[in-house]
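First the structure, in the form of structure tokens, and then the observations on it.
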Amino acid sequence: MVSSLVIGAAFIAVYVGIQRDPQPLHLPVAVASEQLATAAQQGLGDKVTVTEVSSLEEGARMVRNGDAVAAVGLSSRSTLQVDYAGAKGLSESGAARALVHGLAAHAGLTVHEQDVVPLVKYDSRGLSAFYVVFGVTLASFVLAQGLTGAAGKVRLRHRLYAMGGFAVVIGVVAATIAGPVLGALNAPWIALAASLSLLSAAVAFTTKALGAWLGAAGIGLAVLALTTVGNAVSGATIGYDILPRWAQVISPILPPGAAFRAVNEFGYFDGSSAWSSLVVLAIWAIVGFGLVLVRSAVAGKRSTAAAASVQSEPVAVS
């Protein structure tokens, strides 16, 4: 009961807490011209990280590559042009636009906006990636939890085969449904399937490892780290640059955050940053798998030692 209460309280605290009063923190913005860049940095402080570029076109390229949320430059004496990436999510792109509007109002300028990396038609709120990542995470956790409980009935290698096979299947199924069937995610199918399969393997093997080493407490820890905190700070519902500082630290290194970044990078940007996220997922999967094997080896040695001790005890003769 206590563990359930802790998990429920943590779920509410994290999900509601990060949405109470989200504020931009080092939001990456490309600004054309030194004078405008200086004004933006001084006026907005640590809410933005300003990169000075030679032209608005160069800034727009940064936006299309995912290196900036918005590019800002003067298109005329009285008009500020803003090229932004709607695919960064409504929270991040909305925050960038709001900051630019505030800056323009202070300077007496009008604003003209253009979404140069828009969300796909069937993902108008930008939440499809969150639901897909959450669904794969939850399904993989439930499988690993069930197989941990069946440790006395199912051999370890069969449990590992089941988790590995499931990771491939859920990755293919989720990618097919969200991609070609529903058109909600536009990442290349193979990249999407690979990202989601790695996510499943990372969650399942990590959950299995924690359960094997820590028992029920390990399963509870997996719920907190992977499904509760991991999904809340993934950057899918509240953009990464809008998250609190503590959440920005852990977001890229937890499986849901890494998976969301990979899916978004492959879908809307050049994909070059996605590979680091795939490495994070692979590390979680490999370390989890390794810890399961180590735990099995340790348990096997203990069983062998106990059996040898029993056999070596002298038999009393009556």
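Every read-out reported here was derived from the displayed coordinates using simple, explicitly stated rules and does not represent laboratory data. Bear in mind the structure is a predicted one, so any value in this text is a computation, not a measurement. Neighbour counts are summed over all protein chains in view; Cβ atoms, including those assigned to glycine, are modelled from backbone coordinates with ideal geometry.
Counting every other Cβ atom within 10 Å of each residue's Cβ, Ile190, Ile7 order from fewest to most as Ile190, Ile7. Computed on the stretch 3-132, with alpha-carbon pairs under 8 angstrom and 6+ residues apart, the relative contact order is 20 percent. Towards the positive end of the charge dipole of the chain, with charges on Cβ (+1 Lys, Arg; -1 Asp, Glu), say which of Phe260, Val116, Gly89 has the farthest Cα. So the residue we want is Phe260.
Computed log10 I(q)/I(0) for the chain at 0.12 Å⁻¹: -0.83, from the Debye equation with unit scatterers placed on every C-alpha and solvent omitted. In degrees between 0 and 90, to the nearest 10, how far off the longest principal axis of the chain does helix 255-268 point, with axes built from Cα atoms? Approximately 40 degrees, to the nearest ten. By DSSP, the beta bridges lying fully in the stretch 2-115 are antiparallel in about 25 percent of cases.
For the stretch 128-298, calculate the relative contact order in percent as a whole number, restricting contacts to Cα pairs under 8 Å that are 6 or more residues apart.
Working: 252 pairs, mean separation 46.6, N = 171.
This gives 27 percent for the stretch 128-298.
Normalised by the number of residues in the chain, the average gap of Cα pairs under 8 Å and 6 or more apart makes the relative contact order 18 percent.
Relative to the longest principal axis of the C-alpha atoms of the chain, give the angle of the C-alpha long axis of helix 189-214, reported between 0 and 90° and rounded to the nearest 10°. That helix lies at roughly 40 degrees to the long axis. For the chain, the longest principal axis of the alpha carbon atoms and the long axis of helix 34-44 meet at an angle near 60°. Here the simple spin-label model places points 7 Å from the Cα toward Cβ, and for Val16 and Glu113 these points are separated by 3.0 nm.
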